[in-house]
Amino acid sequence: MKEKIITLKVEGAAQGQWSSLLLELNIMKQAWKSYGVNINMKASGLKNILNHGTRVNEVVRKNRRSSK
């Protein structure tokens, strides 16, 4: 099957809106993967946004109080 290309040009989006858009597209990418559709995404800051936006309780903070 021939490769299909979609180009999105987003103007006027705030940083939070841009992050949300990329995270939602990533959710779609993951959902469609089970149907054999491989989607490649390219965007400025994509790697950082996906790293911070897809974390689930990965940050372990030390308790400042001693456990004595």
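Rundown of residues vs (1) within 27 Å of E3 (Cβ to Cβ); (2) assigned to a loop (DSSP other than H, G, I, E, B); (3) modelled with pLDDT of 90 or more; (4) not hydrophobic (A, V, I, L, M, F, W, C), yes/no style:
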{"residue": "L21", "(1), (2), (3), (4)": "yes, no, yes, no"}
{"residue": "M28", "(1), (2), (3), (4)": "yes, no, yes, no"}
{"residue": "A31", "(1), (2), (3), (4)": "yes, no, yes, no"}
{"residue": "I39", "(1), (2), (3), (4)": "yes, yes, yes, no"}
{"residue": "S44", "(1), (2), (3), (4)": "yes, yes, no, yes"}
{"residue": "N57", "(1), (2), (3), (4)": "no, yes, no, yes"}
{"residue": "K62", "(1), (2), (3), (4)": "no, yes, no, yes"}
{"residue": "R65", "(1), (2), (3), (4)": "no, yes, no, yes"}
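Contact map, the stretch 9-37: first residue within 17 Å of H52 (Cβ to Cβ), second residue among the hydroxyl-bearing types (S, T, Y), Cβ cut-off under 8 Å, separation 6 or more or different chains; pairs are L23/T54; N26/T54.
Annotation: of all residues in the stretch 29-45 being among the charged types (D, E, K, R) and under 19 Å from S19 (Cα atoms), the one that is farthest from the chain's Cα centre (by Cα) is K42. The residues in the stretch 1-19 that are in a loop (DSSP other than H, G, I, E, B) and either exposed (fewer than 10 other Cβ atoms within 10 Å of the Cβ) or under 10 Å from the mean Cα position of the chain (by Cα) (or both) can be counted, and the count is 12.
The values are calculated or read from the model by the stated rules, or taken from the named source; none is laboratory data. Keep in mind that what you see is a predicted model, and the values were worked out from it rather than measured. Reconstructed Cβ throughout: ideal geometry from the backbone, glycine too, with neighbour counts over all protein chains shown.
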